[in-house]
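Trainee: Attaching a single structure in structure tokens format; questions to follow.
The values are calculated or read from the model by the stated rules, or taken from the named source; none is laboratory data. Nothing here was measured: the structure is a model prediction, and the numbers come from that model. Using ideal geometry, Cβ is built from the backbone for each residue, glycine included, and neighbour counts are taken over all protein chains shown.
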Amino acid sequence: MADKPSHITGSLLTIGDEILLGDIQNGNARHIAAQLRARGFLLDRMITVGDIEDDIIENLAACLTGSHFVIVTGGLGPTDDDRTCAAVSRALARPLICNRDYARWLRVRVAELGVEWSREVERMAELPEGAVKLGLDSAGFSVVHNDVPCYFLPGVPEEMELLLGKEVIPDLESRFPDRCAYLKHIVRIQGLLEAQVNGKLRSLERVEGVEIGYYPQRGENWVSIFAAASNEKTCQTLLKSAKDKIVALIGSRHISGHNDECLEKVVGRLLRERSWSLVTAESCTGGLLARKITAVPGASDYLDRGFVTYSNRAKSELLGVPVELLNTHGAVSGQVARAMAEGAARNAGAQVALAITGVAGPGGGSAEKPVGTVFIACVTPAGQKVEKYSFGEDEARENIQESSAQAALVMLWELLFGDTPLVCD
């Protein structure tokens, strides 16, 4: 009888002062976790440390305890703050030895770049005893220590991703062929608070191998379904059963999409199905809404043009907003938002228009219209809508802008959705 597949779990250690200081986001951790999960591996811990050799040693030792594998990123390079190799040498009691094949390649590469060979460059070819070099185009190596495979990858995302896909995951797959299957699914929900979503799903029965999570996002809520089983077919069955129950309890009217179906993609599909063209008119968001829409491939099928009318003069000259309207109600008002949308649609000859005007801050607010006050208008053949939003006086400018663009997409989705429910695959 074959052994039951196991949960193969590992540790991730990311190294770099720049991460701890908040100078850069730890996007590597997210990428590694997602790629591993898709192939039947999980991380049971993530640790981030600075460029301090003793800290690297201490945490590497901790990762080696109870892990099937260890992945380390960062700290591989020629500068003084690149201390991973030295730390690994000390932690594993493996002296640094020159990898002659890599040294020869490195000399040629350095010469091609017109860089003088130096002791700092030579250090890059010194690896812990027994290490296997991972590729030649970038820093990276692996070591098996006490039967635990350890992979040391560069912190540069492009180089890390290449080695992870080309070297690390194939090696893990060959070492651990009998492992569980994992699948994850995201249900994107509009128009319900997180507590309301939770309330609707409270009657869900717990099923072994299935975990349900709640993730509030800007302007929408996500319900995640994580399934684990001995094989992919069983995993898919568990996932589909849970998803069907969630869709039924939430109601398709509140579900805008699944997984990577962001609102930009969904409204684009709905516009394309109706052969309707779209135009945007933005003030406080400065083109952010148009940028989000054009991030979707094929957006030229429905997006005709976008206006950034920041000043009152621009609103009047480009969109035909009456000066009297601006003087009476102010640029940040429902009346002006509607006039912006109607003027943009008329100007472009488009069926659909979205307009945003507001106070993004940190200055410019008033007692009547504090920072975070935003008006959004949408005009479609299916109907018109104007709404006032208060995104908070203490919110950062970029957060108010992001929330405004997202709210505009939600409004458009609600109008386009109409009486035609989305198909939930």
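Trainee: In the range 207-242, which residues are farther than 26 Å from GLU414 by Cα, in contact (Cβ under 8 Å) with a residue 40 or more places away in the chain and small (Gly, Ala, Ser)?
Mentor: Answer for the range 207-242, where residues must be farther than 26 Å from GLU414 by Cα, in contact (Cβ under 8 Å) with a residue 40 or more places away in the chain and small (Gly, Ala, Ser): ALA227, ALA228, ALA229, SER230.
Trainee: For SER300, are the conditions met, namely being modelled with pLDDT of 95 or more, assigned by TED's automatic domain parsing to the domain that holds GLU393, farther than 30 Å from GLU393 by Cβ and surrounded by fewer than 21 Cβ atoms within 10 Å (Cβ to Cβ)?
Mentor: Judged against the criteria, SER300 is a match.
Trainee: Something else now. If you go through the range 139-150 one residue at a time, do you hit one that is polar (S, T, N, Q), assigned by TED's automatic domain parsing to the domain that holds ARG37 and touching a strand residue (DSSP E or B) at 6+ places or on another chain (Cβ under 6 Å)?
Mentor: The answer is yes; a qualifying residue exists.
Trainee: Could you tell me whether any residue of the range 184-194 is at pLDDT 95 or above, touching a Gly at 6+ places or on another chain (Cβ under 6 Å) and among the basic types (Lys, Arg)?
Mentor: yes
Trainee: Can you name the helices (runs of 4 or more DSSP H) wholly within the range 53-125 that have at least 2 residues being hydrophobic (A, V, I, L, M, F, W, C)?
Mentor: 53-63, 84-92, 100-112
Trainee: Inspect the range 2-9 for any residue being in contact (Cβ under 8 Å) with a residue 40 or more places away in the chain, closer than 18 Å to PHE141 by Cα and among the hydroxyl-bearing types (Ser, Thr, Tyr) and give the result as yes or no.
Mentor: Taking every residue of the range 2-9 in turn, none turns out to be in contact (Cβ under 8 Å) with a residue 40 or more places away in the chain, closer than 18 Å to PHE141 by Cα and among the hydroxyl-bearing types (Ser, Thr, Tyr).
Trainee: If you check LEU92 against the conditions, is it surrounded by 14 or more Cβ atoms within 10 Å (Cβ to Cβ) and touching a Cys at 6+ places or on another chain (Cβ under 9 Å)?
Mentor: Yes; evaluated as a whole, the condition is true for this residue.
Trainee: Let me ask something else about it. Residue by residue through the range 108-124, note down the ones that are surrounded by 13 or more Cβ atoms within 10 Å (Cβ to Cβ) and either modelled with pLDDT of 90 or more or in contact with a Pro (Cβ under 7 Å, 6 or more places away or on another chain) (or both).
Mentor: VAL121, ARG123, MET124
Trainee: Evaluate the range 193-207: report whether one residue or more is more than 30 Å from THR294 (Cβ to Cβ) and of a type in the set (Val, Ile, Thr).
Mentor: Looking through the range 193-207, at least one residue is more than 30 Å from THR294 (Cβ to Cβ) and of a type in the set (Val, Ile, Thr).
Trainee: In the range 269-303, what residues are farther than 16 Å from SER403 by Cα and of a type in the set (Asp, Glu)?
Mentor: GLU273, ASP301
Trainee: Just name the residue that is modelled with the lowest pLDDT out of those in the range 56-91 that are of a type in the set (A, V, I, L, M, F, W, C) and over 30 Å from CYS180 (Cα atoms).
Mentor: LEU76
Trainee: What are the pairs with Cβ atoms under 6 angstrom where one residue, in the range 51-77, is in contact (Cβ under 8 Å) with a residue 24 or more places away in the chain and farther than 21 Å from LEU21 by Cβ and the other, located anywhere, is of a type in the set (S, T, N, Q) and crowded, with 17+ Cβ neighbours inside 10 Å? Sequence gap at least six, or different chains.
Mentor: Filtered contacts from the range 51-77: CYS63/SER11; SER67/SER11; VAL70/SER11.
Trainee: Of the residues that sit in the range 125-158 and are among the acidic types (Asp, Glu) and modelled with pLDDT under 95, which one is farthest from ILE32 (Cα to Cα)?
Mentor: The qualifying residue farthest from ILE32 (Cα to Cα) is GLU126.
Trainee: Here's a follow-up. Of the numbered conditions (1) touching a helix residue (DSSP H, G or I) at 6+ places or on another chain (Cβ under 8 Å); (2) under 30 Å from ILE255 (Cβ atoms); (3) touching a residue at least 60 places away in the same chain (Cβ under 8 Å); (4) not charged (D, E, K, R), VAL197 satisfies every one except a single condition; which is it?
Mentor: Result: VAL197 passes all but (3).
Trainee: Could you check, for the range 176-186, whether at least one of its residues is surrounded by fewer than 20 Cβ atoms within 10 Å (Cβ to Cβ), among the charged types (D, E, K, R) and either under 24 Å from GLY16 (Cα atoms) or under 25 Å from the mean Cα position of the chain (by Cα) (or both)?
Mentor: Scanning the range 176-186 turns up at least one residue that is surrounded by fewer than 20 Cβ atoms within 10 Å (Cβ to Cβ), among the charged types (D, E, K, R) and either under 24 Å from GLY16 (Cα atoms) or under 25 Å from the mean Cα position of the chain (by Cα) (or both).
Trainee: Filter the strands (runs of 3 or more DSSP E) completely within the range 326-406 down to those with at least 1 residues that are crowded, with 22+ Cβ neighbours inside 10 Å, free of Cβ contacts under 8 Å to residues at least 40 places away in the same chain and among the hydrophobic types (A, V, I, L, M, F, W, C).
Mentor: Correct list: 373-380.
Trainee: Of all the residues that make up the range 243-300, how many are in contact (Cβ under 8 Å) with a residue 60 or more places away in the chain, under 16 Å from THR380 (Cβ atoms) and part of a loop (DSSP other than H, G, I, E, B)?
Mentor: Final tally of qualifying residues: 2.
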